[in-house]
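Taking it in order: structure first as structure tokens, then the write-up.
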Amino acid sequence: MKNQLGKVETWALVVLALLIVGGGAYFLIRPRTSSPTGAPTADTYGMIRYTDPDLGFAFWYPSSWQILSTTTKDTALFPGGTLVKTLQVGSPGGVMIYVVDSAAQTITDEQNGHASPIAQTKYFYSPASGQWMVAYPEGTSSGTSGATTTADISNATMSGLIMLPSGRRFDTSIIPLSTTDFLVVGDGGGSNAGVLAKTVSLAGASVDPSVLSAALQAEADAYASTEPQGDLDVPSAIKELDVPGSVSLRQGGIAEVRNESFYFTLQDLSPSSATIEITPVGCWNSFPSDKPPRIRCMIAVVPITPQTLSVGQTYSTPNYGIKLTEISGDTATFSVGASSAVQ
């Protein structure tokens, strides 16, 4: 696969925004309203509450964690729906929340034609029965029946939202916010996404996070113990390089390409392919390992669609190329350089 895409051209809108941190009241956001940013509530039990400005869902997380929000428009990662936003909660390789919109009232947890042994799980809402149904478009990996049937809705968040089980790698749940809006909450193999998923609610719902605070705080402490000491709080999953160069990442890991002003995140990994998300860096967005400025400009840009590469394939622009050279266990290795050098 070889996609041609230049660097992001003219920025459509530049707005200076002050990031003001303070106490006081927060306004609850109802679904389908908008706000400049997702606002965390005051610290409670060592945790704070994030409220999404677009869909109005909320969740609790340790106050020492940071949230990196990335907007996109991808129709391949979750067939039947469109991935519109990704929230990285905590360190790279930790909890990932995928926000999926589906007018067809359906979502599939793995890409079409993905590698075994992980099977696809497809959920869709049946207006006739008023129930969530489950199907397996590419068969099952357990040898059990792949017939369409009613979904298992026995697991729920603390606020009563359904948590649909998923065969996706590691600890993953699918939470319908409505029949057309979904959250896919998972992790990179080293965190307890199921605990955080339990705190998900619609904005305005009352959720007491105290029963989960100990589990999430233990996870936060585990992340802190792996981070190097010094002026910069740089998670070990972030790696810096200048092109030409090579980098090995685990799922959720980030490669910062300093001399080309972009970074890419390993979103998903299978035995034969890897999905990366590329993010340009400018005044609107710093590198993840940089301390965020108090004043930054918010820019509307054309998002780069996540790219899925098989071993030996390259994503190319006129200025650089990213080639997936090897997959070994839970690690993918990429070479990054001038387009002509990585073909």
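Going through region 50-71 one residue at a time, which ones are hydrophobic (A, V, I, L, M, F, W, C) and within 17 Å of S201 (Cβ to Cβ)? Steps first, answer last, please.
Looking only at region 50-71, we keep the residues that are hydrophobic (A, V, I, L, M, F, W, C), and these are 55, 57-60, 65, 67-68.
L55, F57, A58, F59, W60, I67, listed by residue number.
Can we say Y125 is over 19 Å from G194 (Cβ atoms) and either outside any strand (DSSP E or B) or in contact with a Ser or Thr (Cβ under 7 Å, 6 or more places away or on another chain) (or both)?
yes
Kindly evaluate T179 against the criterion of being at pLDDT 80 or above, closer than 15 Å to M47 by Cβ and either in a strand (DSSP E or B) or not small (G, A, S) (or both).
The answer is no for T179.
Please specify each residue of region 54-96 satisfying the condition of being part of a loop (DSSP other than H, G, I, E, B), surrounded by fewer than 17 Cβ atoms within 10 Å (Cβ to Cβ) and not hydroxyl-bearing (S, T, Y).
Listed by number, the residues that qualify are Q66, A76.
If I filter region 261-271 for residues that are assigned to a strand (DSSP E or B), modelled with pLDDT of 80 or more and surrounded by fewer than 22 Cβ atoms within 10 Å (Cβ to Cβ), do I get at least one hit?
Among the residues of region 261-271, not one is assigned to a strand (DSSP E or B), modelled with pLDDT of 80 or more and surrounded by fewer than 22 Cβ atoms within 10 Å (Cβ to Cβ), which makes the answer no.
Could you tell me which residue of region 149-176 is farthest from A119 (Cα to Cα), considering only residues that are in a loop (DSSP other than H, G, I, E, B) and under 18 Å from the mean Cα position of the chain (by Cα)? Even if it seems obvious, please write down each step before you answer.
At the first step, the residues of region 149-176 found to be in a loop (DSSP other than H, G, I, E, B) are 151-155, 157-161, 163, 166-172.
Checking the rest, the ones that are also under 18 Å from the mean Cα position of the chain (by Cα) come to 163, 166-172.
Working: M163: 18, S166: 9, G167: 7, R168: 8, R169: 10, F170: 13, D171: 15, T172: 14 Å.
Once the filter is applied, the top-ranked residue is M163.
Specify which of the listed residues (G245, G230) is of a type outside the set (D, E, K, R), surrounded by fewer than 21 Cβ atoms within 10 Å (Cβ to Cβ), over 14 Å from Q307 (Cβ atoms) and modelled with pLDDT of 85 or more.
Residue meeting the stated conditions: G245.
Criterion first (over 26 Å from V311 (Cα atoms) and in contact with a helix residue (DSSP H, G or I) (Cβ under 8 Å, 6 or more places away or on another chain)) does S91 satisfy it?
Spelling it out, S91 is indeed over 26 Å from V311 (Cα atoms) and in contact with a helix residue (DSSP H, G or I) (Cβ under 8 Å, 6 or more places away or on another chain).
The values are calculated or read from the model by the stated rules, or taken from the named source; none is laboratory data. This is a predicted model, so every value here is computed, not measured. Cβ: placed from backbone, ideal geometry, glycine included. Neighbour counts: every protein chain shown.
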